[in-house]
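Presented below is the structure to which this report refers.
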Ligand SMILES: Cc1ncc(C[n+]2csc(CCOP(=O)(O)OP(=O)(O)O)c2C)c(N)n1
Ligand code: SF4
Ligand SMILES: [Mg+2]
């Protein structure tokens, strides 16, 4: 039998699994609240409970283990429609892995309900203990009984600021309780306790859920607090980031004949990324399509600094560069970082500072003393040199970019012009 929310009656769990009860009563509760399936966004986690997606007629999102609450939080942040309901499923294992995400969503009181499927172990991977496994409970990693007490998830989430937290046993018809929680505003979390027949029941024979719950020291109940929820739809609609970008008008000519991949590389702190940006932006106002990617060590102030640029008259579909058509190298750090790429060049051009020994390459090698204007200006100088030598962009276009960005006073343009006049 199918329902508005479920497209099959055969849910994919082992016989007797508590996840089955939670899934059916979740959908029943949403139905009771008159939700249309497409007004519901179900976010599921990795784990047995998460394999429900294919059976649901709602929107579904399935992410990395422990991250379903983070995904739900992202959806909640962006949700402008108060009639949409976000329900997040997560297991006790996912809760252990992503506990901070739960606390953050509770702290911000985001509109969403988290349904924790606490079967006291990692079901999908063979019954290992999780951070919610109670003391004394047998799992495949604690055959003598878990020596530690589990987290009190409801207490933690309540303390973090959730509008509602509750703990119930997954027995009987829990749909009314779930509906009550789904109807609340702000962040709600309901922890549903169950035993996985395939591992939990086998490893803990003759122990009833009731007894396990009582011994766990984590009481059933509801914990609430009055707090304003975060309402995305009350805020102004924000523009998307792309719409804020200025429209670039072509103002200069380029003599680029075919797509060009270019590596600009030198040392950190020597203006390499700024210089590469000048090429890219000058190319944009010269009517070209451009991609630019920067790379440098995590310790950003030392070592190499490299930019990879693609220029083309057509749309650029792939921005990776294995062997560049051209390379501009202004320091030993830049050379060391790109030596293999330069050696692999079978054609094209290598523009390299004259203090450096060019590697073996079939590219045309042009040397110039870029560091003559000071190490900090080497990369900027090399960009003007590149423009003069290739005509792919004009020096006028570069000056225009500098002017547009208000950097005219900051860069030694007079010195550069003087140095260029003798090239
Ligand atoms: C970051 C990460 N760690 C470990 C795993 C392996 N893994 C997949 S499912 C699972 C157990 C899931 O347990 P739980 O979240 O309690 O869900 P259940 O299967 O019990 O419903 C684990 C550890 C993973 N996928 N990702
Ligand atoms: S292994 Fe356990 S948790 Fe997973 S579906 Fe089977 S009974 Fe349910
Ligand atoms: Mg579990």
Once you place label points 7 Å from the Cα toward the Cβ at residue 253 and residue 289, how far apart are they in nm? 2.3 nm
So if R0 is 30 Å, what FRET efficiency would residue 347 and residue 300 give, r being the distance between their Cβ atoms, rounded to the nearest 0.05? 0.35
Quick one: divide the alpha-carbon radius of gyration of the chain by 2.2 N^0.38 Å and tell me what you get. 1.40
Could you tell me the largest-minus-smallest coordinate of the C-alpha atoms of segment 53-123 on each of the three principal axes, in descending order and whole angstroms? 36, 32, 17
Assign one of three labels to segment 4-112, namely rounded, prolate or oblate, based on the Cα gyration tensor with a ≥ b ≥ c the square roots of its eigenvalues; rounded applies when a/c is under 1.5, prolate when it is not and a/b is larger than b/c, and oblate otherwise. oblate
Which residues in segment 145-166 place their backbone N less than 17 Å from a point set 7 Å from the Cα of residue 32 along the Cα-to-Cβ direction? 166
Compute the distance in nm between two label points, each set 7 Å from the Cα along the Cα-to-Cβ direction, one at residue 135 and one at residue 372. 7.9 nm
Could you sort 311-321, 367-377 so that the peptide with the highest average Cβ count within 10 Å comes first and the rest follow in order? 367-377, 311-321
If you stretched the chain out fully between residue 144 and residue 183, how much longer would it get, using 0.36 nm times the residue separation minus the C-alpha to C-alpha distance? 9.9 nm
Determine the percent antiparallel among the DSSP beta bridges restricted to the chain, to the nearest 5. 35 percent
Taking the Cα atoms of segment 18-234, report the difference between the largest and smallest coordinate on each principal axis, in whole Å and largest first. 53, 35, 30
Gain in length, residue 339 to residue 421, computed as 0.36 nm per residue apart minus the alpha-carbon separation, to one decimal in nm? 26.5 nm
Label points 7 Å out from Cα along the Cβ direction at residue 319 and residue 207: separation in nm? 5.4 nm
Applying a 10 Å radius around every beta-carbon, put 239-246, 264-271 in order of their mean neighbour count, most first. 264-271, 239-246
At a temperature of 25 °C and a viscosity of 0.890 mPa s, determine how fast segment 355-423 diffuses translationally according to Stokes-Einstein, using the Kirkwood radius over alpha-carbon pairs as Rh; express D in µm²/s, rounded to the nearest whole number. 187 µm²/s
Percent of C-alpha pairs per 10 Å bin, segment 288-350, short to long: 20, 49, 28, 4
At 222 nm, what value in deg cm²/dmol follows for the chain if DSSP H runs of at least 4 each add -39500 (n - 2.57) and the sum is divided by all its residues, to the nearest 500? -8500 deg cm²/dmol
Compute the convex hull volume of the Cα atoms of segment 285-423, divide it by the residue count, and report the result per residue in Å³ as a whole number. 128 Å³
Distance between Cα centroids, segment 358-411 to segment 213-292: provide it in whole Å. 26 Å
Based on alpha-carbon atoms only, what is the radius of gyration of segment 155-210 relative to the globular estimate 2.2 N^0.38 Å? 1.39
Helix 18-32 versus the longest principal axis of the chain: what is the Cα-based angle in degrees, 0 to 90, to the nearest 10? 90 degrees
Cut-off 20 Å (backbone N to label point 7 Å along Cα→Cβ of residue 362), residues of segment 252-267: 258-263
Considering only C-alpha atoms, what is the centroid distance from segment 51-73 to segment 137-178, in Å? 20 Å
In terms of the ratio Rg/(2.2 N^0.38 Å) built on C-alpha atoms, what value belongs to segment 248-333? 1.11
Using a Gaussian network model on the chain with a 10 Å cutoff between Cα atoms, which of 42, 112, 326 fluctuates the most? 326
Return the Rg/Rh ratio of segment 205-255 with Cα-based radii and a Kirkwood Rh. 1.57
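Readers should treat all values here as calculations from the given coordinates under stated rules, not as data from a laboratory. As the structure is a computational prediction, the values presented were derived from the model and not from experiment. Every residue, glycine as well, gets a Cβ built from its backbone with ideal geometry; the counts of neighbours run over all protein chains shown.
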